[in-house]
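Just below is one structure, and these are the notes that go with it.
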Amino acid sequence: MTRIIGATGALLRAFGALPLLLMAATAPAQTVSNDGCGDGGNGPADIEKLAARYDAATDQFEVTLTTCGPVDRAIKYRVRFDHFVNQEEYPKGSGTLVDATLSSGNPYCLAVSDDQMMLHKSRKTAGPGAITVSDRNIIYTVKRSELSSSISPGHVVRIWAETQDKKRVDRAPNTDATDSCAEPQYLTEVLQQTVLDRFAIVGTQAFDILRAPTRLFESAMGNLVADALLAGTPGAEVALTNSGGLRADLRCVPPVSGEQPCEITWDELFKVLPFGNNTVIETVTGAQLEEALLNGLSPSCNPMIATGRFPQVAGLEVSYTCVGMVPQINSISLRPDGMGGPAIPLAPGDSVRLVTNDFMYFGGDGYLVLTLGTDVVFTEISLLELAGAYISANSPVQPFVEGRIVKMAP
């Protein structure tokens, strides 16, 4: 039995059903996994997992094949791309391509077969794009324009993985179904991604949403992104992100893509959050959170420290003072209902569920203490994706500076 894992599902649960174009415009990754590599011969001839992501910012696909053993170049590995229109998800019913009538009118096989990648012997032997190999992973990147000029926003691209030596047909979501299109190719895995319009409208804003120009203060943009992280992460109590990850403002005028004043396009959001960072959820103690905040607040007291680490938070109220060039925390309180609700003091021994970005989790900007958290969950959900979903669900968004982080006089 195979399973399909996608970031979109988490967002649908968090915000309800949003339009497909908006939900997927940040290209949530999809993964298809087998049941422990035991479904057709262990070893490099069997594919354990196929993962794919469409990055609208670079207009390219990244596909990763993970084999059950070290990649063996004596075996042919192949990824094929097919595309079609107006088929928003894998066919329902019995789950077979045979039962799906596609826009081409062909009820059995996909009408358009684009270029393919094939890894065999010492190099990539067919198709566009580039390949890197590492242990059990074959990573393939290709621009949409290299595949086909007819793949336009709104098209769904189905991605297939095959090996020449694969002897059993595996397909999602129904491994028991007979698929006359897939059988001859020894199909291993199937998943699909939607090609998106980066100039589509995400939502609206009530006024200009700005970063702190010196990156040394709480900002409206920081509050918007932190609120999006917290709202889109069930179970999280606090959100923490870094000011340096916010690379642009959202202004109502002038329009940048032909949109109306105060409309927000995906292109604008790409400029705000261009790095593709995913969220990480972990449990930290009050003492660890305080250490993380002291690291982030340090440039406010010491001008020699890079300002990009200054924290932007949600679900939290922090008061601090500079003692010489060293920050000192006066108080940390949880704000589960926002700044208008009750403040719950956080003690050093308390535990709190934190959502942050993977750059910070791995120690970026000096946040090394975040690597010590427990019950860590690495998601395939990007900050960009959560921000887009939050804006779509809460338009017109109107974040403002409200005293989440306050610097007191010594």
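The values are calculated or read from the model by the stated rules, or taken from the named source; none is laboratory data. Bear in mind the structure is a predicted one, so any value in this text is a computation, not a measurement. Using ideal geometry, Cβ is built from the backbone for each residue, glycine included, and neighbour counts are taken over all protein chains shown.
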Looking at the range 376-392, is at least one residue in contact with a Ser or Thr (Cβ under 6 Å, 6 or more places away or on another chain), modelled with pLDDT of 95 or more and surrounded by fewer than 23 Cβ atoms within 10 Å (Cβ to Cβ)?
no
Please list, ordered by first then second residue, the pairs with beta carbon atoms under 7 Å, 6 or more apart or interchain, first in the range 356-383 and on the phi > 0 side of the Ramachandran plot and in the same structural domain as Thr279 (by TED's automatic domain parsing), second surrounded by 21 or more Cβ atoms within 10 Å (Cβ to Cβ) and assigned to a strand (DSSP E or B).
Asp365/Asn242; Asp375/Glu282
If Val256 satisfies every condition in (1) of a type in the set (A, V, I, L, M); (2) surrounded by 18 or more Cβ atoms within 10 Å (Cβ to Cβ); (3) assigned to a loop (DSSP other than H, G, I, E, B) but one, which is the exception?
(2)
Let me confirm something: among Asp365, Asp375, which residue is in contact with a Lys or Arg (Cβ under 7 Å, 6 or more places away or on another chain), not hydrophobic (A, V, I, L, M, F, W, C) and not in a loop (DSSP other than H, G, I, E, B)?
Asp365
Among all residue pairs at least 6 apart or on different chains, which show Cβ distances below 6 Å where the first residue, located in the range 205-222, is in the same structural domain as Val253 (by TED's automatic domain parsing) and the second is basic (Lys, Arg) and at pLDDT 95 or above?
Asp208/Arg251; Glu218/Arg404; Ser219/Arg211; Met221/Arg211
State whether the residues of the range 274-287 include one that is assigned to a helix (DSSP H, G or I) and touching a residue at least 60 places away in the same chain (Cβ under 8 Å).
yes
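Please tell me if Pro303 is in the same structural domain as Thr233 (by TED's automatic domain parsing) and out of contact with any strand residue (DSSP E or B) (no Cβ under 8 Å at 6 or more places or on another chain).
On the way: in the same structural domain as Thr233 (by TED's automatic domain parsing): yes; out of contact with any strand residue (DSSP E or B) (no Cβ under 8 Å at 6 or more places or on another chain): yes.
For Pro303, the condition - in the same structural domain as Thr233 (by TED's automatic domain parsing) and out of contact with any strand residue (DSSP E or B) (no Cβ under 8 Å at 6 or more places or on another chain) - is met.
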Count of the range 338-353 residues which are under 24 Å from Glu291 (Cβ atoms), outside any strand (DSSP E or B) and without any contact (Cβ under 8 Å) to a residue 60 or more places away in the chain:
1
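Can you say whether Glu291 is in contact (Cβ under 8 Å) with a residue 40 or more places away in the chain and in a strand (DSSP E or B), as far as the supplied structure shows? Don't jump to the end; show me each part of the working.
Details: in contact (Cβ under 8 Å) with a residue 40 or more places away in the chain: yes; in a strand (DSSP E or B): no.
So Glu291 fails the test.
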Which condition from (1) hydrophobic (A, V, I, L, M, F, W, C); (2) at pLDDT 95 or above; (3) surrounded by fewer than 22 Cβ atoms within 10 Å (Cβ to Cβ) is the one that Ala306 breaks?
(2)
Counting only residues that are within 13 Å of the chain's Cα centre (by Cα) and within 21 Å of Ser333 (Cβ to Cβ), the range 343-387 contains a total of 1
